Amino acid sequence: MEKLYNVIVADLKRHESKEGAEYAKRWHKYDNYRSYGMFAADMRNVFKQHKKEIQQLNCKQALDLACKLHSSHIEEQVQAGNYVLQQKIDCITPAKFSYLDKALDHFNSWSQVDDICVEGGKVIVPLLLQYPKEMLHLLRKWNKSKNMWKRRASVVPFTRKVGESGKFTKQGLELCDNLIWDKEDLVQKAVGWALKDMMRGDNQKVLAYVKKIRKAGVPSVIVLYALRDLPPHTRQQVLKIKPQKALH
């Protein structure tokens, strides 16, 4: 495992770019963000080069490797850790969900969160579908966390096909509702994103909820994100609702 870690890191560093790292900071304007400045395509190619080696690891080796990559706090290494979990998803049973909780303690960007949480990330969503009760318990824990990245991670899984399915609308609205007064912009945007996609699965219920929170005076970024897919006349109807003075 240690040897494979060193090889993966060396391969990532070969693509290191100071200019790219500075550019990445334009999209990640918060403390402690570090990256090699790689292009996404180059990063994915490095991961794929080691796919067979990763798949041959046993569960302990794979989780140890992912932990070492995550704990680097470097963008590309963290996403490499996510890739390891994707390839060894069968190792993550509910008994190992505490591992996921600890892993997110090392995350420090929206891209790392979204990489592991959205449907294409092949980690949180498959686990939500396979172990809904246990995964919802973990998401509720993240939903109340002091860690903003965990709060974002608690609602991002309800985007895309999960949101469109309508299967988790009730739970998704519950978790979004707990964050509508969150002070962090990236959490607010995640709430709006989840509402937008859940509206595809249950338009009437979610639209009614968005109208309700618009009237309550929630941050406008949530409402604007939630309305992105709607026809112009429907958006205007919601935006014409006069917000009450927020008490939060």
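Values quoted throughout were computed directly from the atomic coordinates according to the rules given, and no laboratory measurement underlies them. Computed from a predicted model, the values in this text were never measured in an experiment. For neighbour counting, all protein chains shown are included, and Cβ atoms are generated from backbone atoms with ideal geometry for every residue, glycine included.
Please list, by residue number, every one of the GluC sites (Glu not before Pro) in the range 155-248 that is coil in DSSP and has at most 15 other beta-carbon atoms within 10 Å.
Passing both the DSSP loop test and the Cβ count: E184.
Where does each of E19, E53 land when they are ranked from fewest to most other beta-carbon atoms within 10 angstrom? Intermediate results must be reported in sequence, preceding the final value.
Working: E19 8, E53 14.
With the fewest neighbours first, E19, E53 line up as E19, E53.
Run lengths n ≥ 4 of DSSP H only: what is the helix-derived mean residue ellipticity at 222 nm for the chain, with -39500 (n - 2.57) per run over all residues, to the nearest 500?
About -18500 deg cm²/dmol.
In the chain, which longest range has no trypsin sites (Lys or Arg not before Pro) that are both DSSP loop (not H, G, I, E or B) and surrounded by at most 14 other Cβ atoms within 10 Å? Walk me through the numbers on the way to the answer.
On the way: sites that count: R14, K25, R26, K29, K144, K146, K183, R228, K240, K245.
Of all site-free stretches, the longest is 30-143.
With viscosity set to 1.306 mPa s and temperature to 10 °C, compute the Stokes-Einstein D of the range 1-149, Rh being the Kirkwood radius across alpha carbon pairs; µm²/s, no decimals. Spell out each step's value before the answer.
On the way: Rh = 15.7 Å.
Estimated diffusion coefficient is 101 µm²/s.
What would the Debye formula give as log10 I(q)/I(0) at q = 0.17, 0.20 Å⁻¹ for the alpha-carbon point model of the range 121-248, no solvent?
The Debye formula, applied to the Cα set alone, gives -0.82, -1.10.
Please work out the FRET efficiency for the pair H137 and E22, using the Cβ-Cβ distance as r and a Förster radius of 30 Å; give the result to the nearest 0.05. Don't skip to the answer; put the middle values down first.
On the way: r = 40 Å, r/R0 = 1.35.
Plugging the Cβ-Cβ distance into 1/(1 + (r/R0)^6) gives 0.15.
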